[in-house]
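Only one structure is covered here, and it is reproduced in the block below.
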Amino acid sequence: MSEATASEKTTTSGQLTADEISNLTRQTNYGTWRFQKNWKPLHIADAEGCWFTDGAGKRYLDFSSQLMCVNLGHKNARVVESIAQQAKDLAYVSPGFTTESRARLSAKLLEVLPQGMEKFFFSTSGTEANEAAFKIARMYTGKNKIISRYRSYHGSTAGSMAATGDPRRWAMEPIGKAMDFVFAPETNCYDCPIKHTYPDCGIACADYIEHMIRNESDVAAVIVEPVVGTNGVLVPPPEYMPKLREICDQYGVLLIDDEVMTGWGRTGKWFCVEHWGVKPDILVTAKGITSAYVPLGLCATTRKIADYFEDHYFSHGHTYEAHPLTLGPAVATIEEMQRLNLVERAAEMEPYLRGKLEALKAKHPSVGDVRGLGLFFAVEIVKNRKTKQLFNTMRDKVEGKPLVVDQISAKMMAQGVSIQAWVSHFVIAPPLIVTREELDFGIAALDEHLSIADALVDR
Ligand SMILES: Cc1ncc(COP(=O)(O)O)c(C=O)c1O
């Protein structure tokens, strides 16, 4: 039966099989960040805790919390109830009004955000929250340029894509992206882009940003993921963030802390920047703020920035800004994280996870590096441990070539473990409620299928 005939049949019968659901979706929807032709979306029917279930009833361990966002795990009863309650109480009013959930969430945010983050703009995604951050930084400083780093992802809309260093930006260049974004080298002590070695380097990657600020002029802000997420779970050396803060202060440049992925307990602190006691000027987050149950993003600023707009036009907004249906569930999410002590739990689980992953590195010649914080780790695979040559390149990824990481993750999926992979590494970021047994189950699958990469290493 052709796909078209299948979809016609399903719409009239009302009973959809898993195949029909998948076919109808692929015919009529774009699959994100991919060539469309081999997209066969798996029908997911249910999810609970650290597991989800497909239409055929097969269960999968959610080893990367979907897109590193379901921090509470699936189907948390209180959050589910808060969604229903908010829908019953008040589904929508325009952002010029306020609601009880808006006030309650704002009070909760003052409690859990890094000290100094005092005024909030709500969006419905991380990319929009970053767009707000860029506009606020530009309006406040009267300057234009934003410095970002090559290995970064800040979102898919024009400004956030322009700030994204990774190859997802390439398709939009030069006309599809916003202007005035410039790139610095990232901090990557495993494979330093400027060929230094920590600690002798004196944190040269931060010095390079100072050099850029001096030579670019007109710099409004520097944006960083405090631990780079999708692009490698790159943990900076302890001196990096404090040094960057100092440089920004010296030149009157704002520091934007993109915690879309690293926030909400993921790294064993409420927010990652707290590992180094650094206070950003603007903090952006999304994902874990509602454990992804409803779409919410946040751009938070200091009081100093907020005060500026008392007498200057705040030229930004959305119909769905502070959408009530997103705010009630955020309050419930934060309360659940506090009740279950999930931030502390992520920190406590770190040594266990690190130990398990270090054991994989000792065993598998294809594992080049293991790095991370809390329940947020990368396992990077290499063809050659000495030269650190990767199996695939960024270009392979955007040209849709088969990647070694994808072969491994497909085998893991068949075995019931869902894991995110990107060019040459896997991201291990389970829900923060994960048990040791669940970690063991996921790592055993990775252990088994790393043999695919082991067979391809240079001998
Ligand atoms: C660090 C970072 N910033 C921004 C974004 C964009 O968030 P969203 O996909 O909600 O637009 C992401 C998404 O993965 C991210 O990881």
Worksheet entry | Charge dipole of the stretch 318-459 about the Cα centre (unit charges at C-beta), most positive-ward option of Pro431, Asn341, Leu446 | Leu446
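Averaging over all projection directions, find the projected area of the Cα convex hull of the stretch 84-227 and quote it in nm² with one decimal place.
On the way: hull surface 48.0 nm².
Quarter of the Cα hull surface area: 12.0 nm².
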Practice prompt. About the Cα centre of the chain, how large is the charge dipole given +1 on each Lys and Arg Cβ and -1 on each Asp and Glu Cβ? Please answer in debye to the nearest 20.
Written response: 720
Fill in: Ranked by how many other beta carbons lie within 10 Å on average, peptides 342-348, 31-37 from highest
342-348, 31-37
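Could you tell me what percent of the accessible area of the stretch 167-228 is made up of carbon and sulfur, with a 1.4 Å probe and every protein chain present? If you can, show how the numbers build up before the last one.
Working: 1590 of 2950 Å².
Carbon plus sulfur share of accessible area: 54 percent.
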Discussion item. Using only the alpha-carbon atoms of the stretch 247-383 as identical scatterers, what base-10 log of I(q)/I(0) does the Debye formula give at q = 0.10, 0.13 Å⁻¹?
Written reply: -0.48, -0.74
Worksheet item: To the nearest 0.05, what FRET efficiency results for Ser94 and Arg459 with a Förster distance of 60 Å applied to their C-beta separation?
Response: 0.40
Practice prompt. Among Ala129, Ser156, Thr141, pick out the residue whose Cα is farthest towards the positive end of the charge dipole of the stretch 118-165, where Lys and Arg carry +1 and Asp and Glu carry -1 on C-beta, about the Cα centre.
Written response: Thr141
Discussion item. Counting heavy atoms of the protein chains only and a 1.4 Å probe, report the per residue accessible area for the stretch 298-376 as a whole number of Å².
Written reply: 43
Worksheet item: Stokes-Einstein D for the stretch 375-453 at 4 °C, 1.567 mPa s, Kirkwood Rh over Cα pairs, in µm²/s?
Response: 98
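Treat every Asp and Glu Cβ in the stretch 82-151 as -1 and every Lys and Arg Cβ as +1, leave all other atoms uncharged, and give the resulting dipole magnitude about the Cα centre to the nearest 20 debye. Walk me through the numbers on the way to the answer.
On the way: 11 positive and 6 negative charges, 88 e Å.
Using Cβ point charges on Lys, Arg, Asp and Glu, the stretch 82-151 gives about 420 debye.
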Worksheet item: Short version: what are the Cα gyration tensor semi-axes of the stretch 64-129, square root of 5 times each eigenvalue, largest first, in whole Å?
Response: 21, 19, 13
Worksheet, complete the sentence: Taking protein heavy atoms only, a 1.4 Å probe, and rounding to whole percent, the accessible area of the stretch 253-332 owed to carbon and sulfur comes out at 51
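Would you mind getting the accessible area per residue of the stretch 124-272, heavy atoms of the protein chains only, 1.4 Å probe, in Å²?
Per residue, the stretch 124-272 has 34 Å² of solvent-accessible surface.
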Discussion item. In the stretch 267-405, if the dipole is taken from +1 on Lys/Arg beta carbons and -1 on Asp/Glu beta carbons about the Cα centre, which of Leu357, Phe391, Leu325 is farthest to the positive end?
Written reply: Phe391
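For the stretch 215-255, what is Rg from Cα atoms divided by 2.2 N^0.38 Å, rounded to two decimals? Walk me through the intermediate numbers first.
Details: Rg = 11.6 Å, N = 41, 2.2 N^0.38 = 9.0 Å.
Taking N as the residue count of the stretch 215-255, the ratio is 1.29.
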Item to complete: Taking every Cα atom in the stretch 351-416, find the radius of gyration and the maximum pairwise distance Dmax, and write them in Å.
Response: 13.1, 37
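Would you please report the Å³ per residue occupied by the convex hull of the alpha carbon atoms in the stretch 160-300? Before the final figure, lay out the partial values.
Numbers: hull volume 17.5 nm³, N = 141.
Output value, Cα hull per residue: 124 Å³.
Given the chain, what percent of its DSSP beta bridges are antiparallel, to the nearest 5? Intermediate results must be reported in sequence, preceding the final value.
On the way: 32 of 48 bridges.
Of the beta bridges lying entirely in the chain, close to 65 percent run antiparallel.
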Worksheet item: Taking a point 7 angstrom from the Cα of Ser315 along the C-beta vector, which residues in the stretch 144-172 have backbone N less than 18 Å away?
Response: 144-146, 158-160
Worksheet item: Can you list, largest first and rounded to whole Å, the semi-axes you get for the stretch 136-183 by taking the square root of 5 times each eigenvalue of its Cα gyration tensor?
Response: 19, 11, 9
Worksheet item: In nanometres, what is the gap between the two model label sites at Glu448 and Ile194, each 7 Å from Cα along Cα-to-Cβ?
Response: 4.5
Worksheet item: Any idea how far apart Glu399 and Ala87 come out in nm if each label point goes 7 Å out from Cα toward Cβ?
Response: 4.7
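Against the globular-protein guess of 2.2 N^0.38 Å, express the Cα radius of gyration of the stretch 281-350 as a ratio, rounded to two decimals. Mind dumping the intermediate values first?
Numbers: Rg = 15.3 Å, N = 70, 2.2 N^0.38 = 11.1 Å.
So the Cα radius of gyration is 1.39 times the expected 2.2 N^0.38 Å.
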Worksheet entry | Projected label distance in nm at Lys363 and Met413, using a 7 Å step from Cα toward the beta-carbon | 2.4
Practice prompt. May I have the extent of the alpha carbons of the chain along their three principal axes, as whole Å values ordered from largest to smallest?
Written response: 63, 61, 46
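Can you give the FRET efficiency to the nearest 0.05 for Ala306 and Asn29, using r as the Cβ-Cβ distance and R₀ = 30 Å? Kindly include the intermediate steps, with their values, before the conclusion.
Numbers: r = 40 Å, r/R0 = 1.33.
Between Ala306 and Asn29 the formula returns 0.15.
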Worksheet item: Put Arg266, Arg151, Arg371 in order of accessible area, largest first, 1.4 Å probe: what do you get?
Response: Arg151, Arg371, Arg266
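Run the numbers on the chain and let me know its relative contact order in percent, using alpha-carbon pairs under 8 Å that are six or more apart. Let's see the in-between values first.
Details: 865 pairs, mean separation 93.0, N = 459.
Computed over the chain, the figure is 20 percent.
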Practice prompt. Working with all protein chains in place, sort Tyr153, Tyr313 by solvent-accessible area computed with a 1.4 Å probe, largest first.
Written response: Tyr313, Tyr153
Worksheet item: Which of the lysines could a cross-linker bridge to Lys279, judged by Cα under 25 Å and excluding same-chain residues fewer than eight apart?
Response: Lys108, Lys119, Lys135, Lys143, Lys145, Lys243, Lys269, Lys287, Lys304
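Report, in debye and to the nearest 20, how large the dipole of the stretch 322-459 comes out about its Cα centre when Lys and Arg carry +1 and Asp and Glu carry -1 on their Cβ. Numbers along the way, then the final one.
Working: 17 positive and 18 negative charges, 125 e Å.
For this selection, approximately 600 debye.
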Worksheet item: Under a straight-distance cross-link criterion of Cα-Cα below 23 Å, which lysines are reachable from Lys40, leaving out those fewer than 8 residues away in the same chain?
Response: Lys9, Lys58, Lys397, Lys401, Lys411
Discussion item. When 1/r is averaged over all different Cα pairs and the result inverted, which Kirkwood radius in Å belongs to the stretch 310-401?
Written reply: 17.8
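The values are calculated or read from the model by the stated rules, or taken from the named source; none is laboratory data. None of the values given here were measured: they were computed from a predicted structure. Neighbour counts run over all protein chains shown; Cβ positions are idealised from the backbone, glycine included. What goes into the accessible areas is simple: the full protein's heavy atoms, side chains included, and nothing from ligands, DNA or RNA. Shrake-Rupley method; radii C 1.70, N 1.55, O 1.52, S 1.80 Å.
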